[in-house]
Amino acid sequence: MKLYLLIPFLPLTAFVINILLGKEVLRDKAHWPSILAVVGSFFITITSVLPQAMAGKVINEDLYTWMVSGTFNVTVGFLIDPLTAVMLVVVTTCASLIHIYAVGYMHGDKGYYRFFAYMSLFTFCMLMLVMGNNFMQLYFGWEGVGLCSYFLIGYYFNKKSAADAGKKAFIVNRFGDFGFGIGVFMIFLTFGTLHYAPVFANAAGITGQTVNFLGWNVDLPTLIALLLFCGAVGKSAQVPLHVWLPDAMEGPTPVSALIHAATMVTAGVFMVARCNPIFNLSEIAMNTVAIVGATTSLFTATIAITQNDIKRIIAYSTCSHLGLMFLACGVGAYAAGIFHLYTHAFFKALLFLAAGSVIHAVHTNDIQEMGGLKKYMPITYAVFVIAALSAGGVPGFSGFFSKDEIIWSAYASHSSVGKLVWLMGTAVAFFTPFYTFRLIFLTFHGKYRGGHPEEHGHSAHGSSHGSHQGEHHIHESPKVMTIPLILLAVGAVAAGWVGIPPILGGGAHFAEFLKPVVGHPEFHGTHAEEWGVMGLSTIIALSGIGLAAFFYLRKTDLPEKIAKQFSGIYNILYHKYYIDELYHYTIVKPTLWVADKVIVAITDARIIEGIVNGVPGAIGKFSGNLRKVQTGLAQHYGILMAAGAFFIIALVLLLR
Amino acid sequence: MEQVIMNQLSYPILSTVIFLPVLGALLILITRRSWELLTKWIALGTSILTFIVSLTLFTDFDKSTHKMQFVEKHSWIPNWNINYYLGVDGISILFVLLSALTAILCVLISWNSIKAKVKEFYISILLTTSFMIGVFCSLDFFLFYLFWEAMLIPMFLIIGVWGGPNRIYAAIKFFLYTLVGSVLMLVGIIVLYLYAGKSFDILELMTKNYPYTMQLWLFWAFFAAFAVKVPMWPVHTWLPDAHTEAPTAGSVILAAILIKMGAYGFLRFSLPLFPEASKAMTPAMLTLSVIAIIYGAVICLAQTDLKRLIAYSSVSHMGFVTLGIFALNIQGLEGGILQMLNHGVVTGALFLSVGIVYDRTHSRQIADYGGLATVMPIYAAFFMVFTLASVGLPGTNGFIGEFLILLGGFAANKLAGVLACTGIIIGAGYMLWLYQKIFFMEINKKIIGLPDMDIRETITLVPLIVLVLWIGIYPNSFLSFMHASVQHLLERVNAGGVQEVNIAKTILEVVR
């Protein structure tokens, strides 16, 4: 028994225990198996797997043969290299802290055991996803995490919006997986195997090959890379499949933190980085990745500035940051992308959990009904600010180092779209701190604007402006929630210090560690330029914070005026560019209409059933008419006999 | 003498498996009508015994050979050269086991829900089981056709006597539809019999080569019988009616076994007997399969009746099966066979599950449910596993089958593979929509206070859950049965094909 096998299988065991015993036996202690399992995985990762990976040891072993059919042969097997090690650190660290936090957050919930069972199942699938040594296992984990996401988004399933959101996430992801699946088929047809090692070793051999795909002659590496990327677009909520992630906020907040910020949504970035030997072969594919990432990043950042739901703002922010990671991958700076994945996991999980702490206290998601919370929730406030500074890319914090590396990589890369995406990334650097601090100022500063929905049911939706009723009920969250917050805050500040670039006196250890897997892009740029790019994005980030302060602390009536002045743009942003509506009217409705009005009503009921019931009907009618001949009246038969005899005689006479 | 492995066991195992249920039926026949409990126990006992005996097939099967095994051969009507000839290979063996298992589940699920004509019901169930197993074991065309048609009679009765309000229409439609197809096959069988010098011996017929035009005609004659049974688009419309009106056990038998016989027919007869015609007809077959996949899935989106939705989903899923079969490569064929098994397990399970709530509410309308996960949580968990298997989630059996089929289909024809993949998206759409409407959201007041599954119902579903996960996690226990037989089948199909391709090439060259 290999020790590393415990990493995924401990959470699986916890899942089985919770499903079987959680409801009747464990009940409010259902968190114990899940927490022990994930913390166990964390310790194995830190004490055994990470040191081995740092020593340069790569594990690539098969556990058993999963499926054999002819030459098709895949195993359940594990690959642990530096990239996997980084992902394991991210997943087990965040999962451990979020599991502990959830004990406080989910306390007293009806489905307590169910929540922890799903969380363990998710952790298992996510670990299988990052540890697999072949595309099949990747796909297994990929669909598995999607399933758990479906369960957990729809956790409050008696609520229609939650059930809808879960279903939407699943189906939108299926669109991405459609391409991903075909990409996997293409890999098998091209390389004859689905295992990473032989595929990547032979990848260079397909350079320049073309293949006939549905009538078009296309470049083989481009085709495979773009098909795989479809899956990443779905899973990592990139444009145009980003629509499921904001709705996914219907799930409990720890779920948003773990699945929809720190781990699952980053699987797309992980996959692209893992498949870098294929992506590197195609400039078109690389540029597509970069452009899609940059576009998503900018697009969702602009939406975030107008939203009022605390979790949705952070969700759009997640889309935006994931876009930056793809931007990095697209210009060949995979290490920078993974570095941002790693720092993002800490500050974004922290943002979500801190938001959860707020929601736990005020029982609403609407920031227009909050305000002035900092005196009641000092710890939450402090960690929220730390997370925001890190997310906003303020120098010294984790997020700064990774974001700066991405922006510098884009600027300095050989990529033909490098300068373009650099500009877009720099623009994002303004929006990110702006909407994050808008959120902070509206939530924690100023005066409390909400009632207390549980005490005053009638004052639900912002109807009680300025009301101080119920305000004294607001209090800081329990220790089981604040301690994970503080630990994550440490990560949000310091996790990035492992990747300080040489120009700031660091050793860029992170990029060096990943170099054997993802290589290192060649940059062309002077030190002066590097300072300039860094300085520019820093100034822009700080000005974003400044503008947020000006709007939401000083001139608090100004945002509303601007929204009125530019109501056209404001409405487009507020309604998220009407993408949901677009899909509803161009895809969902027509499909249902065709199903109901064409296929059921016409093709099946009229045409096919018409023939099926028509043929026996016609036969029946014919025999019915024929039956009329048999009247049972002797004189009829006599006449017919006479007519027949006459006919025969006439015939004989004529023919003679 | 053909290359077969005679039965080495001390008893004729296949005959035992076929005729044990008949014995049970006879026992029930002489039981007093008022002793309903005894009737049920006899039915349960015989079906369990049949399954236990059939397990020997599973353990003693030699996976290394494509040859027919456990063969029994006795002269029956020597004047016409008709033999009582039984045997199984890697293609048929799993369906014998599945049929035996299904019988147990059908008896269990009907325990309380069948209240009228109890004796006749269980006799019908047992006879259907016997005939279905007979179909899978027959190596003589005459015997095969006998079982094939005999099976219709108890099935017709199950639908027509114990079915829903519109049962007579459904039963007659089912009967006529399948009969019309079968009659054409009968003509085909007689043509083969005469051409081959009066032989009904299936294995012997397979070794012969038939002229191309004859193959083509016979292919379509057999196609008529098999396509109706599968059912392929556009001869699928008997299925929703039959499924919907049949009692739960009837739907389960239909879904799990009966509609597999069409696909089995393609594998056992069409491909090896008419290899050139099969290859030539591949484009048509792939097209029909893809249409079935998408059409069946889209039509599910507009259903309001629970059983009808699952029935139409069968059309889509069986489209995957025929796609795999006519991909004519090893992944497609093995995926197709495995998917037949999977579909039997999953759709059978879904119909059993629907039966469980139907017994409580007597409603098949999706709108009459909602929030059931709160009322019947254990049931909701079981249903979820089957839903996921139906959607083809990795870790469940549905994934393995669909993946291999799509891989094979994609290798054979990229467009067919890509279009079939869209069926998976829609599949997730309607199954999750169904699950949401029934189990999630606010509790419908019609279902408040329903009891969760009892032990009998749980026992009925547990074997199927085990199969869903077993095949999903370790499919090789089942795939390994098929390798040798499928390889042999492919060799047979391809051996004739080389010549055909060359002819086509020569014609092309002449034309140019």
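The stretch A:30-88 and the stretch B:181-199 have Cα centres spaced 59 Å apart. Counting Cβ atoms of other protein chains within 10 Å of each Cβ in A:62-69 and taking the mean gives 6.
Over the protein assembly as shown, DSSP H runs of length four or greater, each weighted -39,500 (n - 2.57), average out per residue to a 222 nm ellipticity of -22500 deg cm²/dmol. Computed from point charges on the beta carbon alone (+1 for Lys and Arg, -1 for Asp and Glu), the dipole magnitude for chain A about its Cα centre is near 1420 Debye. Solvent-accessible surface of protein heavy atoms, probed at 1.4 angstrom with all chains present, puts A:Val211, A:Val58 in the order A:Val58, A:Val211, largest first. Interface burial in the stretch A:577-609, defined as at least 40 Å² less accessible area with all protein chains than with the chain alone at a 1.4 Å probe, covers A:Ala595, A:Ile599, A:Val600, A:Asp604, A:Ile608, A:Glu609. Comparing the full protein assembly with the isolated chain (1.4 Å probe, heavy atoms, ligands and nucleic acids excluded), the residues of the stretch B:301-319 losing at least 40 square angstrom of accessible area are B:Leu301, B:Ala302.
Here the relative contact order of the stretch A:277-384, from alpha carbon pairs under 8 Å that lie six or more residues apart, stands at 26 percent.
Solvent-accessible surface (1.4 Å probe) assigned to A:Ile284 amounts to roughly 110 Å². Helix B:377-391 and the longest principal axis of the C-alpha atoms of chain B enclose an angle of approximately 20°. Per residue, the convex hull spanned by the alpha carbons of the stretch B:198-301 comes to 110 Å³.
What the Cα convex hull of the stretch B:403-487 gives, in volume per residue, is 140 Å³. About its Cα centre, the protein assembly as shown has a charge dipole of approximately 2020 debye under the convention of +1 per Lys or Arg Cβ and -1 per Asp or Glu Cβ, with nothing else charged. At the residue level, B:Trp76 shows approximately 110 square angstrom of accessible surface with a 1.4 angstrom probe and all protein chains present.
Name the shape class, rounded, prolate or oblate, that the alpha-carbon gyration tensor gives for the stretch A:112-187, where a ≥ b ≥ c are the square roots of its eigenvalues, rounded holds for a/c under 1.5, and otherwise prolate holds if a/b is larger than b/c and oblate otherwise. Oblate is the answer for the stretch A:112-187, as a/c is 1.5 or above yet b/c matches or exceeds a/b. Farthest towards the positive end of the charge dipole of chain A, among the residues A:Ser161, A:Phe397, A:Phe78, is the Cα of A:Ser161, using unit charges on the Cβ of Lys, Arg, Asp and Glu.
Classified by the C-alpha gyration tensor, the protein assembly as shown has a prolate form. Its axis ratio a/c, with a ≥ b ≥ c, is 1.5 or above, and a/b is larger than b/c. For chain A, the longest principal axis of the C-alpha atoms and the axis of helix A:82-105 are separated by about 90°. Between B:Ser313, B:Thr46, B:Ile473, the Cα set farthest toward the positive side of the dipole of chain B (charges on each charged residue's Cβ, about the Cα centre) is that of B:Ser313. Residues B:Val96, A:Val588, sorted by accessible area with the largest first, give A:Val588, B:Val96 [1.4 Å probe; ligands and nucleic acids excluded]. Computed over protein heavy atoms with a 1.4 angstrom probe, the accessible surface ordering of A:His584, A:His520, largest first, is A:His520, A:His584.
To put it simply, the accessible area of the protein assembly as shown at a 1.4 Å probe is 68 percent carbon and sulfur. With the charge dipole of the stretch B:156-243 set up from +1 on Lys and Arg Cβ and -1 on Asp and Glu Cβ about the Cα centre, the Cα lying farthest toward the positive end among the listed residues B:Pro231, B:Tyr212, B:Pro165 is that of B:Pro165. With a/c under 1.5 counting as rounded, go ahead and sort chain B into rounded, prolate or oblate using the C-alpha gyration tensor (a ≥ b ≥ c being the square roots of the eigenvalues; past the cut-off, prolate if a/b is larger than b/c, else oblate). Verdict is oblate for chain B. By a 1.4 Å probe calculation restricted to protein chains, A:Glu476 has an accessible surface near 40 Å², given to the nearest 10.
Principal axis extents of the Cα atoms in chain A, from largest to smallest and rounded to whole angstrom, are 122, 67, 59.
Dipole magnitude for the stretch A:30-172: computed about the Cα centre from +1 point charges on Lys and Arg Cβ and -1 point charges on Asp and Glu Cβ, it is near 520 debye.
Angle, helix B:330-361 long axis vs. longest principal axis of chain B, Cα atoms, 0 to 90°, nearest 10? With both axes taken from Cα atoms, the answer is about 20 degrees. Once you reduce the stretch A:595-656 and the stretch A:365-444 to the center of their Cα atoms, the two points are 82 Å from each other. In the stretch B:274-299, burial by the other protein chains removes 20 Å² or more of accessible area from B:Tyr295, B:Val298, B:Ile299, compared with the chain on its own (1.4 Å probe, ligands and nucleic acids ignored). For the stretch B:160-172, backbone phi angles converted through the Karplus equation (6.51, -1.76, 1.60; θ = phi - 60°) give residue-by-residue couplings of x, 9, 9, x, x, x, 9, 5, 5, 4, 4, 5, 5 Hz, Gly and Pro being listed as x.
Kirkwood radius, the stretch A:152-200, all distinct C-alpha pairs, inverse of mean reciprocal distance: 12.9 Å. For the chain pair B and A, buried accessible area totals roughly 4800 Å², probe 1.4 Å, rounded to the nearest 100.
With all protein chains kept in place, the per residue accessible area of chain B amounts to 32 square angstrom at a probe of 1.4 angstrom.
Solvent exposure of chain A, expressed per residue, is 39 Å² of accessible area, with all protein chains present and a 1.4 angstrom probe. The value of relative contact order for chain B, using C-alpha pairs under 8 Å at least six residues apart, is 15 percent. Based on C-alpha pairs under 8 angstrom that are at least 6 apart in sequence, the stretch B:385-477 has a relative contact order of 46 percent.
The values are calculated or read from the model by the stated rules, or taken from the named source; none is laboratory data. This is a predicted model, so every value here is computed, not measured. Every residue, glycine as well, gets a Cβ built from its backbone with ideal geometry; the counts of neighbours run over all protein chains shown. Accessible surface areas use protein heavy atoms only, side chains included; no ligands, DNA or RNA. Shrake-Rupley method; radii C 1.70, N 1.55, O 1.52, S 1.80 Å.
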